[in-house]
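Some notes on the structure that comes next.
Laboratory data are not the source of any read-out in this text; all were calculated from the coordinates shown. Remember, it's a predicted structure, so these values are computed and weren't measured experimentally. Don't worry about glycine lacking a Cβ; one is built from the backbone with ideal geometry, like all the others, and counts go over all protein chains shown.
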């Protein structure tokens, strides 16, 4: 049986990467010489960032039948679940920023 690790560090790094890309797209007109490249980077970054909470969800669902209850019963587990939600939203924002660049190209 695999032991679930409630890692906060990688989640924070993913969230910072997604929000940094989103902030740069709002601050500057172009990050690279091509809007298509800007958009592609944003969409791929957003999909990668969203894959981390998706992986964690699958691990919680299938690793142990009672894992979700144990995680929800502790404050550190609740913070981890909230951070997963924030990372997912941050990834969606990066995908949205990338898609607007692709459509605008």
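Per-structure values
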quantity	calculated
Cβ-Cβ FRET estimate between residue 36 and residue 13, R0 fixed at 25 Å, reported to 0.05	0.40
0 to 90° range, to nearest 10: angle between helix 75-104 axis and the chain longest Cα axis	20 degrees
Inter-label distance, nm, simple model (7 Å from Cα along the C-beta direction), residue 58/residue 76	2.6 nm
Helix 35-63 vs. the chain, principal-axis angle (Cα, 0 to 90°, nearest 10)	10 degrees
Dimensionless Rg/Rh of the chain - Kirkwood Rh, Rg from C-alpha atoms	1.10
Value of relative contact order over the range 9-104, rounded to a whole percent, pairs C-alpha under 8 Å and six or more apart	51 percent
